[in-house]
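First comes the structure, then the notes that go with it.
The values are calculated or read from the model by the stated rules, or taken from the named source; none is laboratory data. Values in this document were obtained by computation on a predicted structure and should not be read as measured data. Please note: Cβ atoms are built from the backbone with ideal geometry, for glycine as well, and neighbour counts cover all protein chains shown. For the accessible areas, the whole protein counts, side chains as well, though only heavy atoms, and no ligand, DNA or RNA atoms are used. Shrake-Rupley method; radii C 1.70, N 1.55, O 1.52, S 1.80 Å.
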Amino acid sequence: YNGETVQVAPYRDSSGRLVAQHIRTKDKRVRWLGDTDDIRLFGQNLWNNTGKRLVITEGEIDAMTIAEVFNLSWAVVSVPNGAQSAKKYIKQNIEFIEGYKEVVFAFDNDEDGREAVEECAPLIKTGKAKVANFTPYNDANEMAQDGKKSKISNLIFEAKEFRPDGIVSFSDMSFEELMSDDDIEKGYELQFPELDKKMKSLRKGE
């Protein structure tokens, strides 16, 4: 492109026709060619509208990395314009996404990526959305570049079910955490010492 070797990611419309290309240079400058009005998720045209698991990434390179890890046996797609546009394209393609029993968000491990997951996961039917965690890496491609490609599949399979902030499952807690009373708010003291000890006092509304 303009005499420079670039990465070209093809985007297709709902009929499968090539309508746009996402251009990426070596120094990570990007631009669009063509018409982006009716584009779908990157790679969406390669997969059926139903399946067991769909992985959604924040970028085309991460999508190709994960697809390669799974030998193209699991559906992997990417949102077109990174975290900032993720919600828009998830909404536009929700029918395709909902065709899968499980949807794994494999977004970047940074503030923008985490915020995008918080916006996108609630759009999926409750219980379907899961979140992959690449810590200490930023994304799947960075893991692959560091020689940890074989570990990526485990992270996808071990993705945690999405839950809003503050909601914790028993299965995510140790026995010691479950039995701890450190976070229990001190209430009104009862007149019966043994009952007060067992109840941890009485809080307003109880």
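Evaluate the relative contact order of the stretch 1-106 (contact order divided by residue number), counting alpha-carbon pairs under 8 angstrom at least 6 apart; express in whole percent.
24
Translational diffusion coefficient, Stokes-Einstein: compute it for the chain using the Kirkwood radius over C-alpha pairs as Rh, at 4 °C and 1.567 mPa s, and state it as an integer in µm² s⁻¹.
My calculation gives 67 µm²/s for D.
Based on the Cβ-Cβ distance of residue 184 and residue 36, what FRET efficiency does E = 1/(1 + (r/R0)^6) give at R0 = 35 Å, to the nearest 0.05?
Step by step, r from the Cβ atoms, then E = 0.10.
Starting from the 7 Å offset along Cα-to-Cβ, what nm value, one decimal, do you get for the label separation of residue 50 and residue 125?
1.1
I'd like the Karplus ³J(HN,Hα) series for the stretch 192-203: coefficients 6.51, -1.76, 1.60, θ = phi - 60°, whole numbers in Hz, and an x wherever there's a Gly or Pro.
In residue order, the calculated couplings are 10, x, 5, 5, 4, 5, 6, 7, 6, 6, 10, 9 Hz.
Hey, in the GNM for the chain with a 10 angstrom Cα cutoff, which one of 94, 184, 156 fluctuates hardest?
Most flexible of the set in this elastic network: 184.
Considering only 18, 155, 190, give the residue with the highest GNM mean-square fluctuation for the chain, with springs between Cα atoms whenever their separation is below 10 Å.
190
Quick check: at a probe of 1.4 Å, how many percent of the accessible area of the chain sits on carbon and sulfur atoms?
The C+S portion of the solvent-accessible surface of the chain is 49 percent.
Leaving out ligands and nucleic acids, note down the accessible area per residue over the chain with a 1.4 angstrom probe, in whole Å².
The answer is 63 Å² per residue.
When all C-alpha to C-alpha distances in the stretch 20-112 are sorted into bins of 5 Å, what percent of pairs does each bin hold, rounded to whole numbers?
3, 13, 25, 26, 19, 11, 3, 0
What pairs in 52/160; 125/204; 125/148; 91/128; 88/148; 26/91 have C-alpha atoms more than 26 Å from each other?
125/204; 125/148; 88/148; 26/91
Assign one of three labels to the stretch 1-63, namely rounded, prolate or oblate, based on the Cα gyration tensor with a ≥ b ≥ c the square roots of its eigenvalues; rounded applies when a/c is under 1.5, prolate when it is not and a/b is larger than b/c, and oblate otherwise.
Judged from the Cα gyration tensor, the stretch 1-63 comes out oblate (a/c at least 1.5, b/c at or above a/b).
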